[in-house]
Amino acid sequence: MSTLAVALSFSSPLAAFADKPLTSSGSSAAGTRVNSDPESLLRYGLPINSKEVRDIQGSVESAKSNLKTRRLNFAKGDVNNAKTQLVSNKDKLFKQIPASRKEAAEATYAKMLADIPPLEAALNEETSSGSGSLQERAALDKANALQSVLSRDLSTFEELMVPESFKREIPAEYAGLPALQGRAEVSMILTRPDGTKFNVDGKNYDEVKLKMVIDGYNAPLTGGNFVDLVNKGWYDKKPITRADGFVTQMGDPDKENEAGIHGYVPTGSTKVRNIPLEVSLKGDKELLYGITSEDDGRGYAAAVLPFQAYGALGMAREEYEADSASSQFFWLLFESDLTPAGKNLLDGRYSCFGYTVEGADLLKAVKEGDVVASAKVTNGLENLKTR
């Protein structure tokens, strides 16, 4: 297994899991709850250091968790805590906003405060509805939707807190590769050539619609390469080449190995454009390039972008060559209950460059041979730079 035709290769520690779904956890102790929320992981991946906003984030995310388990009184307390923290810490929050973003931050802050009363009303409506009634279900759906609005506005506010001076230093040896300095959003639609439906938990879909957030703060070259290829139309009409319950993978232009080219060859070149293994480890000021965290003697180190959300995006590469990724990528079909906390075997070995934030649950229905009908950069293209 030395070519990108097999793409996501398994080194010896992974071999025992090659025939079953392999999942991952950023936790360090058995029994620790795994954070598998992609939007939460993206927020924690931002290069900011604000206790105040992290406290608000904790309350907002706890509300989501309590809504999921129908602990409604706890969810109400969480929302009230978030409101109190927003109001009482406004001055401290805005001291951490760059001057050029103050106006945008004021608008987002006002939007977050406006998000809360409808959410509180939905929670009160839910608790007053009869247990198991249609009204209860409708109120719960409304509360979940409104909590999602608040969460996404919080994400916007946190991104505005990133220092304007923040920029990842990329080694000179990788000059010329596209780099994503910030984040971008990509939408992708998958279809089935024979016209059959995608069946997900008994519900049929004509197509699979995905929204992905690509993180250039922690994976500028990996994310930049992907956004560049999407923008060039590289993935359009290409098939899914692997769908085994562990990963869904695509991007190989020569699955049949007729030409022996398994990556992107730029116009005017005869060589595949390769990108390095790129890993962001917690506590490090600089990114780790060209070597796994294990080979760097830090296999224990936690990744800033962990493979612990369903639909996490990773770059495929040759098993024994760290800097061999090109165009093939995968969505990890993560299930937290299948991997003990602290036993993640992907973090630090493969580059995670973002998460699927909408439509991830539909990936379970995708099969080999399904095709990308379209892939577009819908936001953040201005963050793509070529040095």
Open item on the list: Looking only at residues that are of a type outside the set (Asp, Glu) and touching a Phe, Trp or Tyr at 6+ places or on another chain (Cβ under 9 Å) in the stretch 141-177, which one is nearest to Ser59 (Cα to Cα)?
Closed with: Phe157
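Residue-wise test of (1) assigned to a helix (DSSP H, G or I); (2) modelled with pLDDT of 95 or more; (3) over 29 Å from Tyr217 (Cα atoms); (4) not assigned by TED's automatic domain parsing to the domain that holds Ser148.
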site	(1), (2), (3), (4)
Phe17	no, no, yes, yes
Asp55	yes, yes, no, no
Ala63	yes, yes, no, no
Asn81	yes, yes, yes, no
Open item on the list: One residue is enough: does the stretch 123-142 have a residue meeting the conditions under 27 Å from the mean Cα position of the chain (by Cα) and either under 24 Å from Val213 (Cα atoms) or exposed (fewer than 13 other Cβ atoms within 10 Å of the Cβ) (or both)?
Closed with: yes
TODO: Just need a number here: residues in the stretch 212-244 that are surrounded by 24 or more Cβ atoms within 10 Å (Cβ to Cβ) and among the acidic types (Asp, Glu).
DONE: 1
- [ ] Of the numbered conditions (1) surrounded by 14 or more Cβ atoms within 10 Å (Cβ to Cβ); (2) at positive phi, Thr191 fails exactly one; give the number of that condition.
- [x] (2)
TODO: Could you please give the count of residues in the stretch 149-200 that are more than 30 Å from Arg54 (Cα to Cα) and either of a type in the set (Asp, Glu) or in a helix (DSSP H, G or I) (or both)?
DONE: 4
Task: Flag if Ala322 is more than 15 Å from the chain's Cα centre (by Cα), without any contact (Cβ under 8 Å) to a residue 60 or more places away in the chain and farther than 28 Å from Lys237 by Cβ - done: yes
TODO: Considering every residue within the stretch 99-119, establish whether at least one is outside any helix (DSSP H, G or I), in contact with a Ser or Thr (Cβ under 8 Å, 6 or more places away or on another chain) and in contact (Cβ under 8 Å) with a residue 12 or more places away in the chain.
DONE: no
Open item on the list: Which count do you get for residues in the stretch 323-334 that are assigned to a loop (DSSP other than H, G, I, E, B) and either buried (at least 21 other Cβ atoms within 10 Å of the Cβ) or at pLDDT below 75 (or both)?
Closed with: 6
- [ ] Within the stretch 236-245, identify whether any single residue is over 22 Å from Asp361 (Cβ atoms), modelled with pLDDT of 95 or more, in a helix (DSSP H, G or I) and not aromatic (Phe, Trp, Tyr), and answer yes or no.
- [x] no
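The rows are residues; the columns are (1) among the acidic types (Asp, Glu); (2) closer than 23 Å to Asp252 by Cα.
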{"site": "Leu287", "(1), (2)": "no, no"}
{"site": "Ala303", "(1), (2)": "no, no"}
{"site": "Glu321", "(1), (2)": "yes, yes"}
{"site": "Ala325", "(1), (2)": "no, yes"}
{"site": "Leu345", "(1), (2)": "no, no"}
{"site": "Thr356", "(1), (2)": "no, yes"}
{"site": "Ala360", "(1), (2)": "no, yes"}
{"site": "Gly369", "(1), (2)": "no, yes"}
{"site": "Lys385", "(1), (2)": "no, no"}
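Please enumerate the residues belonging to the stretch 31-53 that are outside any helix (DSSP H, G or I) and not hydroxyl-bearing (Ser, Thr, Tyr). Spell out how you get there, then give the answer.
To start, the set of residues in the stretch 31-53 that are outside any helix (DSSP H, G or I) comprises 31-37, 45-50.
The answer is Gly31, Arg33, Val34, Asn35, Asp37, Gly45, Leu46, Pro47, Ile48, Asn49.
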Task: Residues located in the stretch 289-308, provided they are crowded, with 21+ Cβ neighbours inside 10 Å and of a type in the set (A, V, I, L, M, F, W, C) - done: Ala303, Val304, Leu305, Phe307
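The values are calculated or read from the model by the stated rules, or taken from the named source; none is laboratory data. Owing to the predicted nature of the structure, the values given are computational and were not obtained by experimental measurement. Positions of Cβ are generated from backbone atoms using ideal geometry, with glycine treated the same way; all protein chains shown enter the neighbour counts.
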